[in-house]
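The values are calculated or read from the model by the stated rules, or taken from the named source; none is laboratory data. Predicted, not measured: the structure shown is a model, and the values here were computed from it. Cβ atoms come from the backbone with ideal geometry, glycine included; neighbour counts cover every protein chain shown.
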Amino acid sequence: MNGLIESGTIELAKPPAEAKVVPSLVQFRLKRDENGNPSRRKGRFCARGGLYSAGPEVPIFAPTAPWVTVRMMLSIACANNFVVKTFDVKAAFTSVDRTGLPDIWLMTPFGLGYPPGHAFHLLKNLYGFQHSPRAFYDAFSEYLMTKLGFVRCVYDKTLFYRKTKTGVTYLSLYVDDALVVCTDDATWEELHKEVEAQYELSAWETPPSIWDSRSTTIVSEEPSPSGTPTTSSRWLLVSGSPWM
């Protein structure tokens, strides 16, 4: 709770008489390591979003990466000996402001000693609301395209591409997790620093179970003019650019 207050996501105050106060809850989870052993305990303050709707005009659909995109990116990485990384945006939904959304207050959790008659005024988005995943997707994709120079694929809205002096980068987004395939470590470090300038990352690493096979040769059934393997992604061969 202190972290949400310090980050400017919520503030404790007395709500006005006409305020919309939404019930809240605290979710507890036991995190485990790669061997299945308990590693840490985690708690998350959430809205009971099923009891609230921002209205039919607020979009709630958030695209997520399909497996064909993941397979395509891993095929490109294997064929070209590219670097593969992943990262997770920490407290992703709370990084988005509530511009254009109704004013909301949240009930304080029971048993934590908050004064009677007070509630949390919601200043940024929070986990639990139907529109929160879409709001984060819109904000993060806008940052990639307008600030970092990425181009979004026409056929898969979670796939982004850019080419810089350092190298080529493909990025696929699944809610607040990203799969990155890029030319080399220097290209990855460039992206890592740029994303961390705007968002706090809680994990960034090389997927552990995949990259013993980085030298595997993948033979494309139908090679494209650029030489990119297309075994799992024939849509890349359509006329015109797949990027927008």
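For Arg48, the conditions (1) within 14 Å of Thr108 (Cβ to Cβ); (2) modelled with pLDDT of 85 or more are fulfilled apart from (2). Yes or no: segment 87-100 includes at least one residue that is surrounded by fewer than 17 Cβ atoms within 10 Å (Cβ to Cβ), of a type in the set (S, T, N, Q) and either more than 14 Å from the chain's Cα centre (by Cα) or more than 20 Å from Ser7 (Cβ to Cβ) (or both). There is at least one residue in segment 87-100 that is surrounded by fewer than 17 Cβ atoms within 10 Å (Cβ to Cβ), of a type in the set (S, T, N, Q) and either more than 14 Å from the chain's Cα centre (by Cα) or more than 20 Å from Ser7 (Cβ to Cβ) (or both).
Once segment 111-136 is narrowed to residues that are in a loop (DSSP other than H, G, I, E, B) and polar (S, T, N, Q), the residue that is surrounded by the fewest Cβ atoms within 10 Å (Cβ to Cβ) is Gln130. Take the residues of segment 132-152 that are modelled with pLDDT under 95 and aliphatic (A, V, I, L, M): which is nearest to Gly50 (Cα to Cα)? Going through the qualifying residues, I end up with Ala135. As a summary of the residue check, Ser132 satisfies the conditions (1) touching a strand residue (DSSP E or B) at 6+ places or on another chain (Cβ under 8 Å); (2) among the polar types (S, T, N, Q); (3) under 17 Å from Leu4 (Cα atoms) except for the one numbered (1). Pairs linking a residue in segment 97-116 that is closer than 15 Å to Ser132 by Cα and β-branched (Val, Ile, Thr) to a residue that is modelled with pLDDT of 75 or more and surrounded by fewer than 10 Cβ atoms within 10 Å (Cβ to Cβ), with Cβ atoms under 8 Å and 6 or more positions apart or on different chains, do not occur. Total residues in segment 35-74 satisfying the condition of being among the charged types (D, E, K, R), in contact with a Lys or Arg (Cβ under 9 Å, 6 or more places away or on another chain) and closer than 17 Å to Tyr174 by Cβ: the figure is 0. Of all residues in segment 1-27, which are assigned to a loop (DSSP other than H, G, I, E, B) and of a type outside the set (Asp, Glu)? Scanning segment 1-27 gives Met1, Ser7, Gly8, Thr9, Lys14, Pro15, Pro16, Ala17, Ala19, Lys20, Pro23.
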